[in-house]
Amino acid sequence: MKMKAVVLEGANKFGPQMIDRPVIGNDEILLKMKKAAICGTDIRILEGKKTKDVRYPSVIGHEMCGLIEEVGKDVKGYAVGEKVSIANVIPCGSCASCLSGRENACMNRTAIGYQYDGGFEEYIRIPASCIAADNVVKLPEHVSFTAGALIEPLACCIRGLHNAGTGFNDTVLVVGAGPIGLMHIQLSKIAGASKVIVSEPNEFRRGKAKILGADVIVDPTKADLKKIVMEETGGLGVDVVIVAIGVPAIVQQNLELCKKGGTVCLFAGFAGTGESVISANTIHYNELNVCGSTAYKRSDYLAAAEMVKTGKINLDEIATHTYKLDEFVEAYEMNKSGAGLKIMIEP
C-alpha cells in the first residue's frame, strides 16, 4: 500500500513522493498524521546545514499530532481512533547525561524525524522504544490537532524557562517574537513575571506579541532597546533575557541588558558556527548567569500537554498557514519568507 510523504534525498533535494506505507510490528503503533509543523531545525536539515543523525533518503518532521490508525497486538493501553501527540525524543536512560537527570541532553538519544521517519507523511510508524518510554500522549477531543503538534516546541520552551529560572515578579526580555518567542512570552507571564518586554523588528510579529500578553513591545530598528529596557527597570536591567533568535552578533548587547545577578538564556540555535564576540567582564563583574537550553525532558512535555489540555496557553494563535503535503515546497518558501509564524502541514 502506498502513501504520500515528503522525502529528503539530500541537501536542498526534497519534495512529495508516493512511498510504501509503514508496516508496524506487534509492539508498535501506526499514527495517521493530522497536523505536523515545520520547525527552524527542519529548515536547517532540508538545506544541509544540520546533518547530525540525518538520513538520506528519509522523512523528517518532529512536531506532530494525529489519530491512532493501528495498534500492534502486544501494545497495551492504546486504541484505534485515539488522538495523540508524540514526544519524539527517546533518551537511552543509561548514559552519563540521563543518569545525572539531563535526559534532554542524552548522549545516545534517538528521535522520530531523525533515526525514525517523521511527521511529513500520511502515516507514521511509532517505534516500540517510543511507546515504552510513554512518549505517546493522549489528548482530549477539544484540543486541536494544531495545538497537539505544537506541544513539542512548547516543551522545549518549558525547559528553557526552568534553565532561566524565571519567577514571580521578574522582568523578562524576550528577543524575537517568532513562534518560540511567542511561547516564551506566555510562559513568562504564567511563571509570574511582572513585566515582559519584547524586541522584534517585524510588525506582524509585534502584533502577535501584543495579543499574547507582552507588556512593552520594541522595534529595535527604530528605537533604542537598551534605553527602553533601562527606563522600564529603573536603570537596573531585566532579571531574565530569553534570546529566541539565533544571531551570534546580538549576544553581547543582550548581556548588557541584564541586571546584576540576572540570567541570559541562549535558547535559539545560532547561525553558522555560533561564534560570538562577548566581553567576559560583563559576565564577571555583573555576576551574570548564562545558560543554554536543548530539547526537553519528558516531564517538560507532559507539563506542556497539560497546559494545552487545560487551556492555560494559546498555541493556535501562533499557527498562521496550513499547507497540504503536496504543497510542501510552497510551505517551505513561506517559512523562509518570514511572512508567517508556525507553518502547518496536513495530509
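The values are calculated or read from the model by the stated rules, or taken from the named source; none is laboratory data. Note that the structure is a prediction, hence the values are computed from the model and not measured. So basically every Cβ, Gly included, is an ideal-geometry build from the backbone, and we count neighbours across all protein chains shown. Protein only, heavy atoms only, side chains kept; ligands, DNA and RNA dropped before computing areas. Shrake-Rupley method; radii C 1.70, N 1.55, O 1.52, S 1.80 Å.
Assess whether residue 33 counts as being part of a strand (DSSP E or B), aliphatic (A, V, I, L, M) and either modelled with pLDDT under 95 or more than 25 Å from the chain's Cα centre (by Cα) (or both).
no
Name the one entry in 82, 69, 9 that is acidic (Asp, Glu), open to solvent by 10 Å² or more (accessible area, probe 1.4 Å) and over 25 Å from residue 147 (Cβ atoms).
Just one listed residue meets the conditions, 9.
With 311, 272 as the choices, which residue is over 25 Å from residue 209 (Cβ atoms) and surrounded by fewer than 16 Cβ atoms within 10 Å (Cβ to Cβ)?
272 is the lone residue from the list that is over 25 Å from residue 209 (Cβ atoms) and surrounded by fewer than 16 Cβ atoms within 10 Å (Cβ to Cβ).
Need a quick list: helices (runs of 4 or more DSSP H) entirely within segment 67-155 having at least 3 residues that are over 26 Å from residue 8 (Cβ atoms).
96-99
For segment 6-30, name all the residues that are of a type outside the set (D, E, K, R), within 19 Å of residue 53 (Cβ to Cβ) and out of contact with any Pro (no Cβ under 7 Å at 6 or more places or on another chain).
Once the filter is applied, which keeps residues that are of a type outside the set (D, E, K, R), within 19 Å of residue 53 (Cβ to Cβ) and out of contact with any Pro (no Cβ under 7 Å at 6 or more places or on another chain), segment 6-30 yields 10, 11, 12, 14.
Can you name the residue in segment 219-230 that is over 28 Å from the mean Cα position of the chain (by Cα) and farther than 21 Å from residue 288 by Cβ and, of all such residues, is surrounded by the fewest Cβ atoms within 10 Å (Cβ to Cβ)?
Ranking the candidates gives 222 first.
Among the residues of segment 217-236, how many are of a type in the set (D, E, K, R) and in a helix (DSSP H, G or I)?
Total satisfying the criteria: 4.
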